[in-house]
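What follows is a short report on a single structure.
Just so you know, all these numbers are worked out from the coordinates, no wet-lab data involved. For clarity, every value in this text was computed on a predicted model and none was experimentally measured. Quick reminder, even Gly has a Cβ in these numbers, built from the backbone with ideal geometry, and neighbours come from all protein chains shown.
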Amino acid sequence: MNTVAGIRKLALFFIILFVALSAGLVYWQVIVAQQVQGNIHNARPCLPDSAPVRGRIFDRNGILLAESLPANVGCGYERHYTEPSLAALIGYYVPGYPATGIEAQFNDYLSGQVGQTALDNQMNKLLHRPPVGNDIYLTIDVRIQHIVDQDFDTPITIDNKNTFASNRGSVIVTDPHSGQILAMLSRPSFDPNRLVTTLSTGDQSYFNQLDHDPDQPLVDRPIQSHYVPGSIYKTMTLLAALDAQKTTLDQPFTQKQAIGPIQYNGQNIGPQGNNIEGYTIRFPVSTIYGYTHSDNIIFAQIGVNTGLETWLDYNKRLYVGQQIPFDLPVTPSTVLPAGQDTLADNQLAANAFGQGTVVVTPMQMSLIDNVVANDGQLMRPMLVMQATDRNKNPIQTFSTQALGSQPQVSSQTATQVRQAMYGVVRCGSGSIINQLFTSNDGIIGKTGTAELGNGQPAHAWMITQAPYNINDPTQLPKLTIVAMKENGGEGGSTIGPMVAAMYNDIFTNVMKVQLPPAPDANYCCNAKLLQIGCPA
């Protein structure tokens, strides 16, 4: 009898020990695990079973862009990147330092903190196995990204009067019908693998070099930097004025209305003189003529006649002054001076042709370009398509999404603006594109030369779409490309060659699209978009 009681006491003693040991394990491995791992005097974070295997990042076709590999120095894992031209967009991840780009914005997925993966990782911790993250698939097509990166450096004639050498700028390539970003380039860039390796060893010299570089290679220019847009912003004004029925493409402007000076309520609007004086010998000219040849005086009047409230309304429809819905934070663009909620007539006039107080990101101009290419309906810009576990089982799929329950502008307005953009490339400031390639890629667009003053070279811009068929305006362009170079000078001469090369290479090597027939050689004269060399 005493023997049985003793056995019971011994069994109870072991049960109590087991419960106490289990409670201790739960406390140290689950409840205070983060504090223990964060203790610099604890060597535990360096053990392989506590070093996370971060999720991979792929392009839309499954091409690897980022992964975690065993560290060359010490223990654990280190991030490795395969496409340096995406460094600003993807960002970098180093434990102990703030992550950037996709690495930061989608950290919960990449670190395995969401869905079933999060539950699995709790078990991994208990079993001393490395936590595993989810994979991310981007909308980026690396083939197009390579073309954009290569053609950004297309040679141009540098004359230091109209064109200037510049290695700083942005390119965004979009499918306007889905909003998917196919390529996004920020120049200059940096070596993300060197940055990760040096920071992992505590060496901050390369980071400091990048951080203090006046060219700001760590900045993701397409979404973080904003600039004076110049004449590409005439597209915003044309959209608003046409859609609000404040102008038509064939509205006439007399010589004084086209060349100036013009006064409204005692205020001079627009510059004195204009760039069309040298080749415009017959008046009146039309709105589409003014857009083709980038007449500031005409667009100053169109902006003022549209009215401030209406002009601001259309800006708001396209997210100017607001946070653009996107997978990464975008610096808001603005058309209003700091601390003001209104514009005087002369300020509205200057803003209407892209000078004044307008500052925009390349992403903002991509939205304006895309709403035209998608027949008036703006799609939410997309960068991430899907998150999956390591076995490619979907965790979350991100679908295309129209912004707003109604189109931002009418289909008729979008069709007319595409026609005007055709005039720019066939007959006006963007015609250099047609001089570069014998193949017809059907490129349309608008150039911009954003004057900065103080002797600084202008920012060079183009917003473009392709392919476009003037004989079938219902056939919508497949792609848009927005490109700019900081202090590059004249938009058409600086940006035209590289944009033409990009479309040509994309359509030849990546996308098989039906190109339009060769354009009518007499189009510009027949459409009254040229005067020199045309019959009177």
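Here the label points at Gln113 and Ala338, each 7 Å from Cα along the C-beta direction, are separated by 3.4 nm in the simple model.
Across the alpha-carbon set of the chain, the Rg to Rh ratio works out to 1.12, Rh being the Kirkwood radius. Once the C-beta distance of Ala521 and Gln456 is scaled by a Förster radius of 35 Å, the resulting FRET efficiency is 0.35 to the nearest 0.05. In the neighborhood of Glu486, defined by Cβ-to-Cβ distances under 13 Å, what is the net charge if each Lys or Arg adds +1 and each Asp or Glu adds -1? Neighbourhood net charge equals +3. In the calculated pair-distance distribution of segment 370-426, the portion above 14 angstrom amounts to 65 percent of the Cα-Cα pairs.
Summing charges over all other residues whose Cβ lies under 13 Å from the Cβ of Met421, with Lys and Arg as +1 and Asp and Glu as -1, gives +3.
Overall shape: oblate for segment 424-536, with the ratio a/c of the largest to smallest alpha carbon gyration tensor axis at 1.5 or above and b/c at least equal to a/b. Once both labels are positioned 7 Å from their Cα atoms along Cα-to-Cβ, the gap between Leu21 and Arg194 label points is 5.3 nm. Remark: the chain carries a charge dipole of roughly 980 debye about the Cα centre, counting +1 on each Lys and Arg Cβ and -1 on each Asp and Glu Cβ.
Simple spin-label estimate for Asn268 and Thr82 gives 6.0 nm between the two label positions (7 Å along the Cα-to-Cβ direction from each Cα). With 0.36 nm allotted per residue and the present C-alpha distance subtracted, the Asp250-Thr3 stretch has 77.9 nm of extension available. The angle between the Cα long axis of helix 142-151 and the main principal axis of the chain comes to about 50°, on a 0 to 90 degree scale. Of interest is the spacing of the C-alpha centroids, which for segment 254-282 and segment 56-77 amounts to 59 Å. Residues whose amide H lies under 5 Å from that of Ile395, counting only those 5 or more places away or on a different chain, are Ala387, Thr388, Asp389; hydrogens are built 1.01 Å from N in the peptide plane.
Applying a DSSP loop filter and a limit of 14 other Cβ atoms within 10 Å to the chymotrypsin sites (Phe, Trp or Tyr not before Pro) in segment 358-437 leaves Phe437.
In the chain, a dipole from Cβ-located charges (positive for Lys and Arg, negative for Asp and Glu) runs towards its positive end, and of Met498, Thr154, Val482 it is Val482 whose Cα lies farthest in that direction. Distance from a point 7 Å along Cα→Cβ of Asp472 to each backbone N in segment 482-515: keep the residues under 16 Å and list them by number. Correct set: 512-515. Across the cross-link table entries Lys246/Lys512; Lys161/Lys234; Lys316/Lys512, which are compared at the Cα atoms, the separations over 32 Å belong to Lys246/Lys512; Lys316/Lys512. Rounded, prolate or oblate, given the Cα gyration tensor of segment 310-449, with a/c below 1.5 counting as rounded? Oblate, because a/c is 1.5 or more while a/b does not exceed b/c. When only the Cβ of Lys, Arg, Asp and Glu is charged (+1, +1, -1, -1), the dipole of segment 356-497 relative to its Cα centre reaches about 280 debye.
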